[in-house]
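The values are calculated or read from the model by the stated rules, or taken from the named source; none is laboratory data. Worth saying up front: this structure is predicted, and the values here are computed from it rather than measured. Cβ atoms come from the backbone with ideal geometry, glycine included; neighbour counts cover every protein chain shown.
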Amino acid sequence: IILADQAYRSLGLTGHRILLNSLGDTTCRPVYRAALQDFLRALDLDEETRRRVEINPLRVLDDKRAEVQDQLTGAPLLADYLCDACKAYHE
């Protein structure tokens, strides 16, 4: 994070903001993963994407195809599943 900030500044960029996210910890990450999988299993997805739901559901959120992205509206948000400790650390 510091390296990225220094790189931007070395290029003369001063009006930037670096936004961080959180993947949670071993307490809240599995709860979110289960909620996301439940949501994704209800969608009309091709077989390869259905396999991805079981192996790594976060990768489905990165799918660039419009037919997948159009169905992701209303997907659970990781921020809503962070435990109190992760919320406090992230803030």
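Looking for something surrounded by fewer than 12 Cβ atoms within 10 Å (Cβ to Cβ), touching a helix residue (DSSP H, G or I) at 6+ places or on another chain (Cβ under 6 Å) and closer than 21 Å to Thr26 by Cα - is there at least one such residue anywhere in segment 70-87? There is no residue in segment 70-87 that is surrounded by fewer than 12 Cβ atoms within 10 Å (Cβ to Cβ), touching a helix residue (DSSP H, G or I) at 6+ places or on another chain (Cβ under 6 Å) and closer than 21 Å to Thr26 by Cα.
Those helices (runs of 4 or more DSSP H) of the chain in which at least 3 residues are free of Cβ contacts under 8 Å to residues at least 12 places away in the same chain, considering only elements entirely within it, cover 2-10, 29-41, 47-55, 66-69, 84-90.
If the requirement is being surrounded by 10 or more Cβ atoms within 10 Å (Cβ to Cβ), over 14 Å from Ala75 (Cβ atoms), at pLDDT below 95 and of a type in the set (Asp, Glu), which of these qualifies: Asp46, Asp25? So the residue among Asp46, Asp25 that is surrounded by 10 or more Cβ atoms within 10 Å (Cβ to Cβ), over 14 Å from Ala75 (Cβ atoms), at pLDDT below 95 and of a type in the set (Asp, Glu) is Asp25.
For segment 7-22, a residue qualifies if it is surrounded by 10 or more Cβ atoms within 10 Å (Cβ to Cβ) and not basic (Lys, Arg), and the qualifying residues are Ala7, Tyr8, Leu13, His16, Ser22.
If you filter segment 49-67 down to residues that are of a type in the set (Asp, Glu) and more than 14 Å from the chain's Cα centre (by Cα), you find that the one that is farthest from Ala79 (Cα to Cα) is Glu67.
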